1. Only one of these conditions is not met by Ala302: (1) small (Gly, Ala, Ser); (2) part of a loop (DSSP other than H, G, I, E, B); (3) over 22 Å from the mean Cα position of the chain (by Cα). Which number is it?
2. When you check Phe178 against the structure, is it part of a strand (DSSP E or B), at pLDDT 85 or above and among the aromatic types (Phe, Trp, Tyr), yes or no?
3. What helices (runs of 4 or more DSSP H), lying completely within the range 186-272, carry at least 1 residues that are over 30 Å from Leu174 (Cα atoms) and out of contact with any Gly (no Cβ under 9 Å at 6 or more places or on another chain)?
4. Surrounded by fewer than 18 Cβ atoms within 10 Å (Cβ to Cβ) and either under 20 Å from Ala25 (Cα atoms) or within 22 Å of the chain's Cα centre (by Cα) (or both): does that describe Asp270?
5. Restricting attention to the range 244-258, which residues are open to solvent by 70 Å² or more (accessible area, probe 1.4 Å) and out of contact with any Phe, Trp or Tyr (no Cβ under 7 Å at 6 or more places or on another chain)?
6. What's the number of the condition Glu52 fails, among (1) crowded, with 17+ Cβ neighbours inside 10 Å; (2) more than 17 Å from the chain's Cα centre (by Cα); (3) assigned to a helix (DSSP H, G or I)?
7. Looking only at residues in the range 194-220 that are touching a residue at least 60 places away in the same chain (Cβ under 8 Å) and more than 18 Å from Phe20 (Cα to Cα), which one is surrounded by the fewest Cβ atoms within 10 Å (Cβ to Cβ)?
8. Of the residues Val207, Val216, Val160, which is at pLDDT 95 or above and in contact with a Ser or Thr (Cβ under 7 Å, 6 or more places away or on another chain)?
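The values are calculated or read from the model by the stated rules, or taken from the named source; none is laboratory data. What you see is a predicted model; the values in this text were computed from it and never measured. When we count neighbours, we look across all protein chains shown, and the Cβ atoms used for this are built from the backbone with ideal geometry, even at glycine. Just so you know, the surface numbers come from the protein's heavy atoms only, side chains and all, with ligands and any DNA or RNA stripped out. Shrake-Rupley method; radii C 1.70, N 1.55, O 1.52, S 1.80 Å.
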Amino acid sequence: MKIAFVGKGGSGKTTLSSLFIRHLAANEAPVVAVDADINQHLGAALGLPEAEAAALPAMGAHLSLIKEYLRGTNPRITSADTMIKTTPPGEGSRLLRVGEENPVYEACARPVVLDDGEIRLMATGPFTESDLGVACYHSKVGAVELCLNHLVDGADEYVVVDMTAGSDSFASGLFTRFDMTFLVAEPTRKGVSVYRQYKEYARDFGVTLKVVGNKVQGEDDLDFLRAEVGEDLLVTVGHSDWVRAMEKGRPPRFELLEADNRMSLQALQDAADDSYADRDWERYTRQMVHFHLRNAESWGNAKTGADLAAQVDPDFVLAERLSAVQPA
């Protein structure tokens, strides 16, 4: 299952995504966590020391390796240089699975040991001085989108992506890559503004969206969120002494997280698991191709000097039954 956490800056989406990852690990689920927020706080939220979190390999720095590996023997892709962030897989492409070993994970993922298990953590990488004034956030998350385009994941496997703040992800097709999107919203007018944007943008793409109310302190906060987001409100999360200790770098064992908050995390997992029944690989592939053709026409063809529409394999549909690694 591919799951995104989104929300405005300061809403608590990174904290909530890290708690959800810990919850999945405690339930012995295989997890790949991806920090796709340009601020890169997920590693620290998962307990990594500051220096270790800063030393995580940047996916963007390994983009050439990622492209060359995923290209495989796909005859429609003449070289890795002609691949862009939206390039879809086809016959001969190499695919990724959550639990396998492959060169992409070897280069870009690092194991993180939690109280009740171990997960893989990947990161887009932060902005560097050389990026200032010449690069944008979307140039960093291109590696994430390319990997998700080539991912075949099952019902009991989880890829959890901590997205950038606000609605920036709509500048690419990345927002359609998920089985479930959890939008973290505070009970304020600003807190639900991103929800309205997401709801409007996602309406035509079949995006499954649920709201997680954060920093909810009483019935008035709850009534506000219910009035603003209606049935999209899934659960709420209140004050947590456990989280406060985590933010100070001294988290207790995860089993000591407050019972109400643990129940909320289980509700998130149940909602994600329930969405599996609605998974539509044909629609997923069709949307992938849609955004690729849009990107090819608007900038990809000019940048690569190739007709990127020719990369689309009309007979290929990404599906769980496909082998993770196609023959080389």
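1. Result: Ala302 passes all but (2).
2. Values: part of a strand (DSSP E or B): no; at pLDDT 85 or above: yes; among the aromatic types (Phe, Trp, Tyr): yes.
No, not satisfied.
3. Passing ranges, in order: 219-229, 241-247.
4. Yes.
5. Residues satisfying the conditions are Arg244, Glu247, Lys248, Arg250, Arg253, Glu255.
6. All conditions pass for Glu52, except number (1).
7. Ranking the candidates gives Gly206 first.
8. Val160
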